[in-house]
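Quick notes on the structure that follows.
The values are calculated or read from the model by the stated rules, or taken from the named source; none is laboratory data. Small disclaimer: the values here were computed from a predicted structure and weren't measured. Reconstructed Cβ throughout: ideal geometry from the backbone, glycine too, with neighbour counts over all protein chains shown.
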């Protein structure tokens, strides 16, 4: 049997990436697909909407931490630079968990900055640098926004028998944010640094 001759051009054609492709959305934002997860459609719709709000605010909080990580100044620069980056990474994990839960419920998660900016309840900071106490006040306010909505939405999820969403909100979102509040808030306690009064 004769050996087949390989055409180099044909091989390269099949190995070349197909770029500049366009197509329609496979699922529009705000529309749910049914997943076989033993939850009612109405519970999934409500949880997806609630989780997208927590996601938008968590993404904003995450980005506030990175902004402050880069722009922090003053005598506590080193400690806060590291702390803000650590909290950024922890918020990034929450973002991923929230987005995956939304997709698992059959929804579409927010993903792009412009969409997040339209939805977030957290005030937009200025582009420039701010003093450390102002940065920390912004972070504490953002945490409070996330904590208020996470507590409320966890109760709603529990009432709708959406234990997975409730667990994510309570075990991950609330506990992470509470701990971060403690670590950050202690930096704006007005105590003597060197000599007790």
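Observations
- Among residues of the range 64-81 being surrounded by 12 or more Cβ atoms within 10 Å (Cβ to Cβ) and farther than 21 Å from residue 123 by Cα, the one that is modelled with the lowest pLDDT is 76.
- Apart from one condition, residue 11 fits all of (1) more than 27 Å from the chain's Cα centre (by Cα); (2) loosely packed, with under 10 Cβ neighbours inside 10 Å; the exception is (2).
- Members of the range 165-186 found to be over 14 Å from residue 87 (Cα atoms) and either at pLDDT below 95 or out of contact with any helix residue (DSSP H, G or I) (no Cβ under 8 Å at 6 or more places or on another chain) (or both), listed by number: 167, 171, 186
- Selection within the range 127-137 - outside any loop (DSSP other than H, G, I, E, B) and surrounded by fewer than 22 Cβ atoms within 10 Å (Cβ to Cβ): 132, 133, 134, 136, 137
- Only one entry of 93, 148 meets the criterion of being in a helix (DSSP H, G or I), within 12 Å of the chain's Cα centre (by Cα) and loosely packed, with under 15 Cβ neighbours inside 10 Å, and that entry is 93.
- Selection count, the range 151-176, where residues are part of a helix (DSSP H, G or I) and either free of Cβ contacts under 8 Å to residues at least 60 places away in the same chain or surrounded by fewer than 16 Cβ atoms within 10 Å (Cβ to Cβ) (or both): 14
- Residue that is at pLDDT 95 or above and assigned to a loop (DSSP other than H, G, I, E, B), where the choices are 23, 107: 107
- Check on residue 30, without any contact (Cβ under 8 Å) to a residue 60 or more places away in the chain, in contact with a helix residue (DSSP H, G or I) (Cβ under 9 Å, 6 or more places away or on another chain), surrounded by fewer than 16 Cβ atoms within 10 Å (Cβ to Cβ) and not in a helix (DSSP H, G or I): no
- Subset of the range 114-123 [in contact with a helix residue (DSSP H, G or I) (Cβ under 7 Å, 6 or more places away or on another chain) and not in a helix (DSSP H, G or I)]: 120, 121, 122
- A residue that is assigned to a helix (DSSP H, G or I), out of contact with any helix residue (DSSP H, G or I) (no Cβ under 8 Å at 6 or more places or on another chain) and crowded, with 19+ Cβ neighbours inside 10 Å can be found somewhere in the range 44-61.
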